[in-house]
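Read-outs throughout are calculated quantities, based only on the coordinates presented, and are distinct from any laboratory measurement. What you see is a predicted model; the values in this text were computed from it and never measured. Cβ: placed from backbone, ideal geometry, glycine included. Neighbour counts: every protein chain shown.
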Amino acid sequence: MRKKFQQNELVYLAFGSNLGNRMQNFRDAIDELSAFFEIKQISHVIETEALLLEGTPASWNIPYLNMVISGITNYSPMELFTSIQAIEKKLGRDSNAQKWSPRIIDIDILAYYGQEIYEEKLTIPHNEIKNRDFIQYLLNELEYEIPNEIKIDINNYVALNHFVLYPKFVGIVNVTPDSFSDGGKFLQPNLAEKQIRKLIADGATMVDIGAQSTRPGYTAISAQEEITRLNGVLERCSDVDCISIDTYSNKVLEYVIEKYPNIKCANVQQLEKLNKETIKLITDNNLKIIIMLQGTNYCWFGNAINDLEEQGIQRSNIIVDPGIGFGKNKRQNIEIIKNLHKLKQFSCEIMLAHSRKSFISAFSNANASDRDIETIAFSSFAADTKAVDYLRVHDVKKHMKFFVAKTVFNSGN
């Protein structure tokens, strides 16, 4: 007999991943689920130690990311279970792998509209809710009412780390001596590598590396010097699969794309300078391309996107950046952020690159390197518009801490 719990009339799913790009695994799973599952709530993401049986290989001891979502679906419990298994397989989970072994994605049905279901392949509520403090911790965040007979005291629960899935953060590493807020800090390859890995550990979806400063009054360097600076870093980070190159040089882009297969994105400072051969290379390698508006004429985006599509770049691979600080005064920069929703007309992903920029001096006397609080304030507003997909920032850790707190505060509402 099925029992109805009035307080939990949603479907709750748990996600886990400890292989590959764990955050992206979650995003890919959510994209697949959207075909038959309408998400109502997403918890923040926590990192936990792997659960292992005694005697399992030491190589399995890889920390997991975990989160819980709630939503609604028209699928029956078994239809939902079967569809989830298909998603896991599509995303690369080995159905023949040993129990407790590392996995790209694991999705469990925790609860289904407050019902109790006992079938050969499926038990709902999930049997392990009573044993896993981290699951109860995340369910509690979404205000799921856990029965007293299985409730664990989670008041002192501590996760290894805390993240959010959205918005996605693009970390910044300038391998230059003269960038406006961090010039010289990461010019040495070993320091740049350390910062790249730190940004990823802090939760960056992508790391944007620039070897040519574009601050007002910058000194241009040759493409060869730019390549030399990048080589020293990219050779050390050949295992990092979330790198974007920030440049306006065809020679630089062609060189790094051909030499480093882990390059995933081209952040193009001046699209009009790119030749057809470079654009073809971007297309052939299925890279994302960030195009930046210099000035305030949004019609430029429409023309640029159409031109890129004609040359083979899919709109889903185009990210538009309104170009805060480029060809705009302080007031115009603020107005652009207030009206980010206008960029949605182009049906592309949107990136806001506002971190520590000089428009902040319109209301703050802080030095460029000390503008993170103001940056976070604009990041919060931009995220609330639901228009922005990426926030390009210098300090990912501070942003992540802020957005985790904001997510937890808003959860269950």
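Using Cβ point charges alone (K and R +1, D and E -1), the dipole size of the stretch 20-158 about the Cα centre works out to roughly 360 debye. Near I319, the amide H atoms lying under 5 Å from its own belong to I289, I290, I291; only residues 5 or more places off or on other chains count, and H is placed 1.01 Å from N.
Work through the residues other than H44 whose Cβ is under 12 Å from its Cβ and net out their charges, Lys, Arg +1 and Asp, Glu -1.
On the way: positive: K401, K406; negative: E47, E141.
Net charge around H44: 0.
Ordering T375, N285, Q311 by Cα displacement along the dipole of the stretch 271-405 toward the positive end leaves T375 in first place; charges were set at the Cβ atoms of Lys, Arg (+1) and Asp, Glu (-1).
Charges were assigned to the Cβ only: +1 to each Lys and Arg, -1 to each Asp and Glu. The resulting dipole of the stretch 247-327 about its Cα centre is roughly 200 debye.
Per-residue ellipticity at 222 nm for the chain, helices alone: DSSP H runs ≥ 4 residues times -39500 (n - 2.57), over residue total, nearest 500 deg cm²/dmol? Don't skip to the answer; put the middle values down first.
Working: 11 runs with 128 residues, N = 413.
Helices in the chain give a 222 nm mean residue ellipticity of -9500 deg cm²/dmol.
Decide, for the stretch 353-413, between rounded, prolate and oblate: order the square roots of the alpha carbon gyration tensor eigenvalues as a ≥ b ≥ c, take rounded if a/c falls under 1.5, and otherwise choose prolate if a/b is larger than b/c, else oblate. Because a/c hits 1.5 or more and a/b exceeds b/c, the stretch 353-413 counts as prolate.
Under a model in which nothing but the beta-carbon of Lys, Arg (+1) and Asp, Glu (-1) is charged, the chain shows a dipole of about 920 debye around its Cα centre. Across K264, K130, K397, mean-square fluctuation computed from a Gaussian network of the chain (C-alpha pairs under 10 Å connected) peaks at K130. In percent, rounded to a whole number, the relative contact order of the stretch 167-410 is 19, using alpha-carbon pairs under 8 Å and six or more apart. Along the axis of the charge dipole computed for the chain (Cβ charges of +1 for Lys and Arg, -1 for Asp and Glu, origin at the Cα centre), the listed residues M400, A86, N25 are led at the positive end by M400. Using a Förster distance of 35 angstrom, determine the FRET efficiency expected from the C-beta separation of T56 and D31, and round it to 0.05. The pair T56/D31 has a calculated efficiency of 0.65. Look at L308, L199 and count the other Cβ atoms within 10 Å of each Cβ; fewest to most, that gives L308, L199.
Going from the residue with the fewest nearby Cβ atoms within 10 Å to the one with the most, F301, F363, F163 rank F363, F301, F163. Label points 7 Å out from Cα along the Cβ direction at A366 and S347: separation in nm? Result for the modelled spin labels: 3.9 nm.
By the count of other C-beta atoms within 10 Å, a proxy for reagent exposure, E116, E254 are ordered fewest to most as E116, E254.
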